[in-house]
Amino acid sequence: MKKNIIALTVAGALAGGSLSLAAAENPDIETMDQKVSYGVGLIMGERMINDVPDLQMEQFLQGFRHGHAGDEDQKRMSREEVQRAMMEYQAQMQEQAGAQQQELAQKNLEAGQQFLAENAEREGVQTTESGLQYEIIEEGDGDTPSAEDRVRVHYTGELISGQVFDSSRERGEPVTFGLNQVIPGWTEGLQLMPEGSRAKLYIPADLAYGPGGNQRIGPNETLVFDVELLKINPGS
């Protein structure tokens, strides 16, 4: 988009074509009306970076001018045509986002599979029938929990890139939860750890958050957790 040239040209048209380029680029912001007008434009511009990433500045400014003038004869599209265009655009954006999500999911899946294949060859790493991998760092001497138990743990969660996405250690507070309330990789992995153990869990995507991911984890991410099983059924 040729935003710099178009914006100056149309800004002059908004003022009746009488402004010089320098004045159009740096209008006065002194009166309350001028400040409010600039502020509204600034907020709208910031929002549209994400809402309409391919905003065509010339058409936008013309539509803004026609809408603000309130002259129906000036308007080049009916309200129905605008709504239809908006709906079609939204559908197109959703389709593009879906395609990008699928592409990223496949990329993450393949990277995770390669990581797990190489990791399985390391000494001390064991692989279960489900595909979960685990590595005991410190062996505890307590009981092992069942899926119906509650556990208190300290943990650090990483992507295979090494990026930490969550850590109870950083927060300075262990967490307590039911083993049947977490991702399958945790439910299975914690049942392999005697109380007092510390282990690394290497969790494939299908035992984690799958193709949907979540706010901090992308689609089909393989996850690595450094987990300490502090207590089974704390408080009991």
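One residue is enough: does region 210-229 have a residue meeting the conditions in a strand (DSSP E or B), at pLDDT 95 or above, out of contact with any helix residue (DSSP H, G or I) (no Cβ under 8 Å at 6 or more places or on another chain) and farther than 19 Å from Gln114 by Cα?
yes
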What's the number of the condition Ala24 fails, among (1) at pLDDT 85 or above; (2) surrounded by 11 or more Cβ atoms within 10 Å (Cβ to Cβ); (3) of a type in the set (A, V, I, L, M, F, W, C); (4) assigned to a helix (DSSP H, G or I)?
(1)
Any residue in region 72-88 that is of a type in the set (Lys, Arg) and either closer than 30 Å to Asn220 by Cα or touching a residue at least 40 places away in the same chain (Cβ under 8 Å) (or both)?
no
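So, of the residues in region 27-42 that are of a type in the set (Ser, Thr, Tyr) and not in a loop (DSSP other than H, G, I, E, B), which turns out to be farthest from His68 (Cα to Cα)?
Among those that are of a type in the set (Ser, Thr, Tyr) and not in a loop (DSSP other than H, G, I, E, B), it is Tyr38.
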Is it the case, given these coordinates, that Leu132 is out of contact with any Leu (no Cβ under 7 Å at 6 or more places or on another chain) and surrounded by 13 or more Cβ atoms within 10 Å (Cβ to Cβ)?
no
Of the residues in region 114-160, those that are within 28 Å of the chain's Cα centre (by Cα) and of a type outside the set (D, E, K, R) number 17
Give the residue, chosen from Pro194, Pro184, that is assigned by TED's automatic domain parsing to the domain that holds Thr222, of a type outside the set (Gly, Ala, Ser) and more than 18 Å from Ala208 (Cβ to Cβ).
Pro194
Matching residues, region 218-235, being in contact with an Asp or Glu (Cβ under 9 Å, 6 or more places away or on another chain) and β-branched (Val, Ile, Thr):
Val224, Ile232
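Run down Arg76, Arg122 and say which single residue is closer than 21 Å to Asp226 by Cβ and basic (Lys, Arg).
Numbers: Arg76 fails: closer than 21 Å to Asp226 by Cβ.
One residue alone meets the criteria, Arg122.
What about Glu195, is it touching a strand residue (DSSP E or B) at 6+ places or on another chain (Cβ under 7 Å), more than 30 Å from Gln101 (Cβ to Cβ) and part of a loop (DSSP other than H, G, I, E, B)?
Here the answer is yes, as Glu195 does meet what is asked.
The values are calculated or read from the model by the stated rules, or taken from the named source; none is laboratory data. Since we're looking at a predicted model, the values are computed, not measured. With ideal geometry, Cβ positions are generated from the backbone for all residues, glycine too; neighbour counts draw on all protein chains shown.
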